[in-house]
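Following: one structure in structure tokens, then a few remarks.
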Amino acid sequence: MRWVESKHKPDYGRFVLSAGKFYGDAEKDKGIQTSQDARFYAISSRFEPFSNRDKSLVVQFTVKHEQNIDCGGGYVKLFPASLKQEDMHGDSEYNIMFGPDICGPGTKKVHVILNYKGKNALINKDIRCKDDEFTHLYTLILRPDNTYEVKIDNGRVEGGALEDDWDLLPPRRIRDPQAHKPEDWDERAKIDDPEDTKPEDWDKPEHIPDPDAKKPEDWDEEMDGEWEPPVIQNPEYKGEWRPRQIDNPDYKGKWVHPEIDNPEYSPDPLLYAYDSFGVIGLDLWQVKSGTIFDNFLITDDEKLAEEIGNETWGATKPCLYPFPCPSQAPPAHPKPPCPSQAPLPIPSPPCPSQAPPAHPKPPCPSQAPLPIPSPPAHPKPPCPTAVRVPQDAERRMKEQQDEEQRQRQEEEEKQHKDDDGGDNDNDDEEEEDEEEEEEPEAEEAAPRDEL
């Protein structure tokens, strides 16, 4: 791919080619990486224009947020061929926007935005994206039957009908504008009992003067005004009286507004289709840079996309199972026969009196039975490429870097302690020297005391 940076703004962030700080393969894992913090980025690549009418559309790429991103996009946009790459910006019209977006703990989602008749429609479902520091594969599939599928790391995470999960068309059914709830329709399940009456002694004040309170002896009504006792909660207060509830004999249930077919609704068999695709671009904002984009693929072959995902993302992210993954296991080779176990020519049976004592042949190490590992505590998931664990090669390198950093910190702390210990030793030596100097003075003073 040949990438073209937009000139719409002079301060767009710069992309660099890099495999990052840790990787599965130093060359295969190189991609375009954001390199400047708190920047907008705008870069795109043109390809041969096409339409996806009457065939599937598969968009696939990998994202690696090795900077432990806190706020920033990791999505791509597919533009029509009419886009001017040098002027691409956030308001440029696009057909599809797809990929992860993270902004704080509240936003960690996969965007799937479809442009329909000039308006961008967001998916109505919440698809959670990966938020770790490793490489992940994102795949979007639009099919001619107006269905879609979203995959992460070659495993399905969402799917369904375009009409159901986007607000692209008017609703099929609407409330009947001619229907109205009858005036005598009673929706009250319970009503006041008309025969229930309030007891005569019910009404009591909530607060009453404290009968135990006494006016202070030094109370001066001319200076302090008329004395009033403090109030307390009335123990006989029963609150507001309400009649008991009984079943409503006229209750008809909750009235449901009847619906009719929407005259403005018209199905569109081409919700999935776009007349022109010609450019793929990255138009995003990142607070903390370091994201690596790689393995971009646009095709109409779902199986091919899965295979290429395995060959690129999957090549350095093998399965992680207690048993070898069948799709990753090396081809079986027959074990060479052990020389000590090779068949020998059968000689004529010796005389029983001269026959050597029978000794069991030692087992051949290469033929010795291997220990059978215990099965996992939980049933092993199937080993299709959909259940790959992306923490293998990248994680090993990451853990090694973390371990080296930890060792450096320990050495620095040890060195710092040694330096502090040396200073303490010097202080002790100085104190000992002062004590030794004081001892002769004491010895000289002793004879004078005796005299």
- Message: For D91, only one of the following conditions fails: (1) part of a strand (DSSP E or B); (2) more than 22 Å from the chain's Cα centre (by Cα). What is its number?
- Response: (1)
- Item | Enumeration of residues in the stretch 211-243 that are surrounded by fewer than 12 Cβ atoms within 10 Å (Cβ to Cβ) and either assigned to a strand (DSSP E or B) or in contact with a strand residue (DSSP E or B) (Cβ under 6 Å, 6 or more places away or on another chain) (or both) | Q233
- Task: Kindly list, by first and then second residue, each pair from a residue in the stretch 81-101 that is farther than 21 Å from N52 by Cα to a residue that is among the hydroxyl-bearing types (S, T, Y) and at pLDDT below 95, limited to pairs with Cβ atoms under 8 Å and residues at least 6 apart or on different chains.
- Result: D101/T107
- Identify, from the list I43, I32, the residue that is at pLDDT 95 or above, in a strand (DSSP E or B), under 23 Å from the mean Cα position of the chain (by Cα) and not aromatic (F, W, Y). I32
- If you take the residues in the stretch 135-174 that are part of a loop (DSSP other than H, G, I, E, B) and basic (K, R), which one is farthest from A19 (Cα to Cα)? R172
- Query: Tally time: how many residues in the stretch 81-110 are among the small types (G, A, S) and surrounded by 18 or more Cβ atoms within 10 Å (Cβ to Cβ)?
  - Reply: 2
- Task: Would you check which residues across the stretch 230-259 are among the basic types (K, R) and in contact (Cβ under 8 Å) with a residue 60 or more places away in the chain and list them?
- Result: K252, K254
- Task: List every residue pair whose Cβ atoms lie under 6 Å apart, where the two residues are 6 or more positions apart in sequence or sit on different chains, the first residue falls within the stretch 118-134 and is in contact (Cβ under 8 Å) with a residue 24 or more places away in the chain, and the second residue, located anywhere, is exposed (fewer than 15 other Cβ atoms within 10 Å of the Cβ).
- Result: A121/D167; E133/N68
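State all residues of the stretch 244-290 that are more than 30 Å from S51 (Cα to Cα) and outside any loop (DSSP other than H, G, I, E, B); if no residue qualifies, say none.
Pass one, the stretch 244-290, residues more than 30 Å from S51 (Cα to Cα): 244-263, 286-290.
Of everything in the stretch 244-290, those that are more than 30 Å from S51 (Cα to Cα) and outside any loop (DSSP other than H, G, I, E, B) turn out to be Q245, I246, D247, E259, I260, D261, Q286.
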- Residue tally, condition in contact with an Asp or Glu (Cβ under 6 Å, 6 or more places away or on another chain) and either hydrophobic (A, V, I, L, M, F, W, C) or modelled with pLDDT under 95 (or both), over the stretch 131-163: 5
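The values are calculated or read from the model by the stated rules, or taken from the named source; none is laboratory data. Treat the numbers as computed from the prediction; the structure is a model and nothing was measured. For neighbour counting, all protein chains shown are included, and Cβ atoms are generated from backbone atoms with ideal geometry for every residue, glycine included.
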